[in-house]
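Contents: one structure, followed by commentary.
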Amino acid sequence: MAGIILAGGAASRMGMDKALLPWGRTDLLGNSINILKEVFNEIIVVSSKTYPYEVKYVSDIYSNTGPLGGILSGLVASNDLYNFITAVDMPFIDIRLIRYMQKMAEGYDIVVPKNGELLEPLCAIYSKACIDEIDCMIRNGQKKISLLFNKVKTLYIGYNDNICNKYCFFNINNEKDYIEAQKIKDG
């Protein structure tokens, strides 16, 4: 299984490249890579830029297609059937949750955490079996990840404190979120 980090967003609300936001002794991208290296041998970063990390970089196959396009690009570039996909702006991803989802993945195309009606599509496992469906969706102008879940074999998993810290799905969209994330990290 490979770890794929989506780092190609426009970051219009943040005003700068979120991958480069300082995070402890590194930046957000370095943080994501360090977390995923504890679980995966192959790390892929989907971005039009390259950064000073020794990982595989791929650009979007289709431009301006949002996270769904990034998922497609990462899956196509991966050598593994199953792939954990996350976003660079989620600094608190929990390894326990990744390992739990890994155990559940066989026989499914997607394993996605769900809390009530809230899905976490950018902290999920996707199979390469999704490639054709994602490609079709994008070519038909559909960019919403959740539409994919009904088109492939998807396992929705619940989560709790035993497998996921309470900030696991926190993402940084703007400066206020970044300040809050820093407080969480330092607190």
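Data table
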| quantity | calculated |
| --- | --- |
| Pair list, Cβ < 8 Å and 6+ apart or interchain, from the range 161-187 residues that are farther than 26 Å from Arg99 by Cβ to residues that are of a type outside the set (Asp, Glu) and loosely packed, with under 11 Cβ neighbours inside 10 Å | Glu175/Gly15 |
| Members of the range 141-153 found to be buried (at least 18 other Cβ atoms within 10 Å of the Cβ) and under 16 Å from Gly116 (Cα atoms), listed by number | Phe149 |
| Filtered residues of the range 165-187 (kept if among the β-branched types (Val, Ile, Thr) and assigned to a helix (DSSP H, G or I)) | Ile179, Ile184 |
| Per-region count, the range 99-149, residues closer than 22 Å to Ile35 by Cα and in contact (Cβ under 8 Å) with a residue 12 or more places away in the chain | 20 |
| For Arg13: the one exception among (1) crowded, with 17+ Cβ neighbours inside 10 Å; (2) in contact (Cβ under 8 Å) with a residue 40 or more places away in the chain | (1) |
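One line per residue, one yes/no per condition, for (1) more than 22 Å from Lys144 (Cβ to Cβ); (2) among the charged types (D, E, K, R); (3) at pLDDT below 95; (4) buried (at least 22 other Cβ atoms within 10 Å of the Cβ):
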{"residue": "Tyr53", "(1), (2), (3), (4)": "yes, no, no, no"}
{"residue": "Lys56", "(1), (2), (3), (4)": "yes, yes, no, no"}
{"residue": "Asp60", "(1), (2), (3), (4)": "no, yes, no, no"}
{"residue": "Pro67", "(1), (2), (3), (4)": "no, no, no, no"}
{"residue": "Asn79", "(1), (2), (3), (4)": "yes, no, no, no"}
{"residue": "Tyr82", "(1), (2), (3), (4)": "yes, no, no, no"}
{"residue": "Met90", "(1), (2), (3), (4)": "no, no, no, yes"}
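The values are calculated or read from the model by the stated rules, or taken from the named source; none is laboratory data. As the structure is a prediction and not an experimental result, all values here were calculated from the model. A quick note on method: Cβ atoms are made from the backbone with ideal geometry, for glycine too, and the neighbour counts reach across all protein chains shown.
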